[in-house]
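Comments concern the structure below.
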Amino acid sequence: MATAVELERAHGAGHGDDHGHADHPPTSTGLDHRKLLMWAFLASDCMFFGSLIATYMIYRGRAEDLGFAPFPSEILDIPYTSLSAFVLLMSSLTMVLALAAIQKGDHRGLRIWLAATALLGAIFLGGQYFEFTEFYHEGLSLQTNMFGASFFVLTGFHGAHVTIGVIWLLTLLFLSLRGGVKQEDSLDVELAGLYWHFVDIVWIVIFTLVYLIPYDEVTETQTGAFTYLAGILRGVASIF
Amino acid sequence: MASVAQPAGHAGPATQTVARPATKKNIGFWSWITTVDHKRIGLLYGITAFAYLLIGGIEALVIRSQLIAPNNDLVSLEKYNQFFTMHGTTMIFLAVMPLSSAFFNFIIPLQIGARDVAFPRLNAFSYWVFFFGGLILSLSWLANAAPNQGWYGYAPLTEKGFNIGRNVDFWALGLQVLGIASIAASLNFIITILNMRAPGMTLMRMPLFTWTTLITSILIVMAFPAITIALALLSFDRFAGTSFYIPYIYDEATRQVVARGGDPLLWQHLFWIFGHPEVYILILPAFGIVSEIIPVFSRKPLFGYAVMVYATATIAFLGFGVWVHHMFTTGLGPTPNAVFAASTMLIAVPTGVKILNWTSTMWGGQLNFTTPMLFSTALVSQFVIGGISGVMHGSPPIDSQHNDSYFVVAHFHYVLFGGSIFALLAGTYYWFPKFSGRMLDERLGKWHFWVTFAAFNITFFPMHFLGLEGMPRRYGTYGEGSGLQLWHVVSSVGSYLLGFSFLIFMYNVAVSLQRGKKAGNDPWDGATLEWTIPSPPPVYNFATVPVVRHRDPLWEEKYAKYEGEGHAEEETLETTIAGIKIGEGQVPDEDALEQAERRAAADDEHNIHLPNPSYWPLVTALGVFLAAFGLIFSYPRIPIGALDLPLYTAAGLLVLVAGVYGWSLEPAS
Amino acid sequence: MAHQAHGGSYVGPVESQGPGTKPGTDHEVDNHEHHPGARTYVEVAVVLAIITAVEVAIYYIEALESILVPLLIVLSIAKFVAVVGYFMHLKFDDRRFRFMFIGGLVITFSVFIGLLAMQTFKEFATYDIPIPAHREGAEEPAGH
């Protein structure tokens, strides 16, 4: 695998514009500006969601400790969220199919799959809206307890990312219908795709950490693991 | 050394072949508003940031005047809080960072042989967002609600319960907006440096300033999201009634303290996860500038270039693993303290390597103490003082003694003023000819340097004593018999002198812009690509894209001994400068030559390809500004569906969306 | 080859390559196609769906309670890797993209694992959370 990529890369280095846009001056790395920008942005966004998820993890269990109901174990609806996690996961598939379509010059396929992706994204958002209102009616708001605050902020920021993604996809769809997305513009679709898949993998993490892993389990595991870690670090530190 | 032959014939095979692009001479107001030219954006950054530097300086003078006498009441203690908070915030976010940005913008494309940055409109957007972020912070003075909680805004001081006014709102949203600017600019520079280097300029042939810019940008991109979230959570606490940083509240109704479950320490963690890389964001560009200047005025290539690059990268990487040393006194316990003390000590090593390399560069060189060189050597010596007091703080027991005392204030002014500002001044003297086409006056420059140097030490050295004698940081006053007054007076007098030194500098700039000596392409006998082109550079920078064969491309071009016609026939090209061999220029590899050819072909085809000016970056930035502004002045409000949005925020979001669409649908060139 | 106009070149898995080493993705490594096509994507998606189903299923199986957390973490990492590797093409794309993204992940993980460690395992509680009486057998705040 590695060798194949390297061969191809060695061959392709500095030949970034051999196919496609001939009017773009070649880049030093042979990689496209915008794609590099997107990856750098996603690396940065890791830190963004890392901070949010860490905040959630730190406050996990605070509501139970203080006795401020509702607790996550009472309120989280695993089957329901599993379904919306599945929807988002499948939207990643339709997204990558949209990209594969435009790369082959299949405009109709692009439109169908883009529309499907945007639709699945919208279903996810609708599900989130329903979930939020349901929780609110059950007495969980931003102000209720630390679970409410960190849960709504984390999933809310994720939802905002999904919303931007849906708008982006709809824009691409609109442009495509107007004939604005050509086969050589497949990068436009690819960039939206990278963003979209990133939003999806963030949800993979959130789904596991927030929904599936119960509080009591995690405190034990977490404390156990970190006690062990602290021992190692203390040993290392004693060298200094 | 300015007299050394100009590389006249060396504009290369370039000058004849390519037709000069038709460039309209745009000088009007609107041309600056819509500009996407990196040089103009650099100047805008520089001018705005210098204005903020002066404002921050005036705030500092107020602080020093307040402390010149015990029990002084020049300003009220509430106002004093605002002054020190705004001094710190202004200097860090509105002066030093954007001044570095000014150099990034102006110099980086020139150093790597590019015509502009990778995303010219994103660059303009970064500037305008920075401008509006600064505006939000400055507006706080007009609203008589300047931030008053200290530049690192520890919770729960920032919470509604302690800070009911809008002070913190201005701060939180101002920094939020500035963060967008920094991240956008840094992404742009990462791509620019990786992707737009001249053919033949491998990573290890990049000038060191380019390297530090790259690494600083990576730091910004990875560090700012942490503070973005920290500030977002703070905003939720303030606007939406959450309690991320509030452990308890006092319930008026039941007259009881009620637990809320928040943790103020989380703020400190998130803030310093950003804050410590931020320290390197402030100092690494300075290191880069100095690494450019010292070799030129020692007439030796930089000693240990590769090690210098690795040291910079190591500092950046370790910079993410030391944040807890700002929190040694919060009681995290012996394990975190020991681990982070060790990592803090470790990070001193690559920093020390840099000091060694600069001194070794000067060792045996033909030193020429022009003003930029004076400032650079001053950085090396003063940064050592600040660095060593920093290592002292790396030890938790010592830190417990120094924490929140004037000793810490002395420490970070030695690294920030003695480090960053000295380097930025050095850079200004060094590159001013490139900015303006004229030299800054050397006689005034030397006066400026010596006054600054003396005043800096008079101002900040006594703070070490003040701290050890027990003067706490951020106190607006001290008692009559405390024995602290002597050093406070010395420090205040020094600060006035420091203020005066900036008057010399401004006078120098004003005079030199009118009557300064014409600079020509290469007044300092420089080693890097920016000196191959006219000063100030034409809009398109390079008539032909240069091909780089050497780490010091211009020295190689000027001093390599060539035989025969072209360069490429020689296997190795020995280059000596001042009798010292600086290595062998390599024959450019085929890839580089081919790339150069293809770029030249692109030039031929399209003339030189320049981005069009655009309003959209400004419109988009305006949307960001309005959205943030609406959160501070949250009335009037309009209901949209389930949301009850402040009017300005709603309007701002609309403008933002319009801006983004206008931008992405507008052809880039 | 008209796709991928910009640098990042797709190279599919080649013959000599062994089965993928990533957990959960072993069997959809495509050994006879040059680059991933619609079929591979669908296969990956099926695997992702199965993993999700397994995740939800083991959540309800009481016998697995003791190893639930590590199991869930491994499964979600498998999903993460599959999406990043196949849908985002990182497995086939230029390795510099990989460096970039993995670099970001590594910094994020190390920083926040450190933060979580310090917050979970406090040797000295910085403040005491009052423990309500109704929680029987409640321990003191973590760390004592």
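Yes/no per residue for (1) closer than 21 Å to B:L44 by Cβ; (2) at pLDDT below 90:
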{"residue": "B:D603", "(1), (2)": "no, yes"}
{"residue": "B:A621", "(1), (2)": "yes, no"}
{"residue": "B:V624", "(1), (2)": "yes, no"}
{"residue": "B:G641", "(1), (2)": "no, yes"}
{"residue": "B:A650", "(1), (2)": "no, no"}
{"residue": "B:V657", "(1), (2)": "no, no"}
{"residue": "B:W663", "(1), (2)": "yes, no"}
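Considering region A:21-32, and only residues there that are facing chain C (nearest Cβ under 9 Å) and surrounded by fewer than 23 Cβ atoms within 10 Å (Cβ to Cβ), the residue that is modelled with the highest pLDDT turns out to be A:T29. Selection within region B:228-242: residues that are buried (at least 18 other Cβ atoms within 10 Å of the Cβ) and at the interface with chain A (Cβ under 9 Å from one of its Cβ atoms). The member of this set that is nearest to B:L643 (Cα to Cα) is B:F236.
Name the pairs whose Cβ atoms lie under 8 Å apart, with the first residue in region C:37-50 and facing chain A (nearest Cβ under 9 Å), the second aromatic (F, W, Y), and 6 or more positions between them or separate chains? Here the result reads C:Y41/C:Y86; C:Y41/C:F87; C:V44/C:Y86; C:V44/C:F87; C:A49/A:F86, each pair linking region C:37-50 to a residue that is aromatic (F, W, Y).
Among the helices (runs of 4 or more DSSP H) confined to region B:291-402, the ones with at least 2 residues that are of a type in the set (S, T, Y) are located at B:305-318, B:334-362, B:371-393. Looking only at residues of region B:403-437 that are more than 24 Å from the chain's Cα centre (by Cα) and not in a helix (DSSP H, G or I), we find that the one that is surrounded by the fewest Cβ atoms within 10 Å (Cβ to Cβ) is B:D404. The set of residues from region C:51-64 being out of contact with any Leu (no Cβ under 6 Å at 6 or more places or on another chain), assigned to a helix (DSSP H, G or I) and more than 7 Å from chain A (Cβ to nearest Cβ) comprises C:A53, C:V54, C:A57, C:Y60, C:E62, C:A63, C:L64.
Yes/no matrix, rows are residues, columns are (1) under 15 Å from the mean Cα position of the chain (by Cα); (2) at pLDDT below 80; (3) at the interface with chain A (Cβ under 7 Å from one of its Cβ atoms); (4) more than 30 Å from B:S343 (Cα to Cα):
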site: C:I77; (1), (2), (3), (4): yes, no, no, no
site: C:H89; (1), (2), (3), (4): no, no, no, yes
site: C:M100; (1), (2), (3), (4): no, no, yes, no
site: C:G104; (1), (2), (3), (4): yes, no, yes, no
site: C:F112; (1), (2), (3), (4): no, no, yes, no
site: C:K122; (1), (2), (3), (4): no, yes, no, no
site: C:I129; (1), (2), (3), (4): no, yes, yes, yes
site: C:P141; (1), (2), (3), (4): no, yes, no, no
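Against the test of being modelled with pLDDT under 95, among the polar types (S, T, N, Q) and at negative phi, the options B:S376, B:S400 yield a single qualifying residue, B:S400. If we scan region B:243-264, do we find a residue that is touching a Ser or Thr at 6+ places or on another chain (Cβ under 9 Å), part of a helix (DSSP H, G or I) and within 14 Å of chain A (Cβ to nearest Cβ)? Within region B:243-264, one or more residues are touching a Ser or Thr at 6+ places or on another chain (Cβ under 9 Å), part of a helix (DSSP H, G or I) and within 14 Å of chain A (Cβ to nearest Cβ).
Could you list, in sequence order, all residues of region A:172-189 that are surrounded by fewer than 19 Cβ atoms within 10 Å (Cβ to Cβ) and either closer than 30 Å to A:L52 by Cβ or within 14 Å of chain C (Cβ to nearest Cβ) (or both)? Walk me through it before giving the result.
Of the residues in region A:172-189, the ones surrounded by fewer than 19 Cβ atoms within 10 Å (Cβ to Cβ) are A:174-175, A:177-180, A:182-185.
Scanning region A:172-189 gives A:K182, A:Q183, A:E184, A:D185.
Being surrounded by 21 or more Cβ atoms within 10 Å (Cβ to Cβ), part of a loop (DSSP other than H, G, I, E, B) and of a type in the set (A, V, I, L, M, F, W, C) is a condition met by no residue of region A:151-165. Among the residues of region B:263-270, are any in contact with an Asp or Glu (Cβ under 8 Å, 6 or more places away or on another chain) and closer than 30 Å to B:L99 by Cβ? No, that holds for no residue. For region B:456-479, the criterion of being over 24 Å from B:V409 (Cβ atoms), assigned to a helix (DSSP H, G or I) and of a type outside the set (V, I, T) is met by none of the residues. Is it fair to say B:W358 is surrounded by 24 or more Cβ atoms within 10 Å (Cβ to Cβ), out of contact with any Ser or Thr (no Cβ under 9 Å at 6 or more places or on another chain) and either on the phi < 0 side of the Ramachandran plot or more than 8 Å from every other protein chain (Cβ to nearest Cβ) (or both)? No, not satisfied.
Summed over region A:184-206, residues that are over 19 Å from C:I77 (Cα atoms) and of a type in the set (V, I, T) total 1. Taking region B:628-669 as the range and being under 15 Å from B:P617 (Cβ atoms) and touching an Asp or Glu at 6+ places or on another chain (Cβ under 6 Å) as the test, no residue passes. Entry remark, region B:112-150: residues being touching a His at 6+ places or on another chain (Cβ under 8 Å) and outside any helix (DSSP H, G or I) number 5 in total.
Comparison of A:A63, A:A43 shows that the only residue that is within 29 Å of the chain's Cα centre (by Cα), at pLDDT 80 or above, within 30 Å of B:D591 (Cα to Cα) and small (G, A, S) is A:A43.
Consider region B:221-242 and keep the residues that are touching a Phe, Trp or Tyr at 6+ places or on another chain (Cβ under 9 Å) and in contact (Cβ under 8 Å) with a residue 60 or more places away in the chain. The one that is nearest to A:F68 (Cα to Cα) is B:D237.
The values are calculated or read from the model by the stated rules, or taken from the named source; none is laboratory data. Given the structure is predicted, the values throughout are model-derived calculations rather than measurements. As a convention, Cβ positions derive from the backbone with ideal geometry for all residues, glycine included, and neighbour counts pool all protein chains shown.
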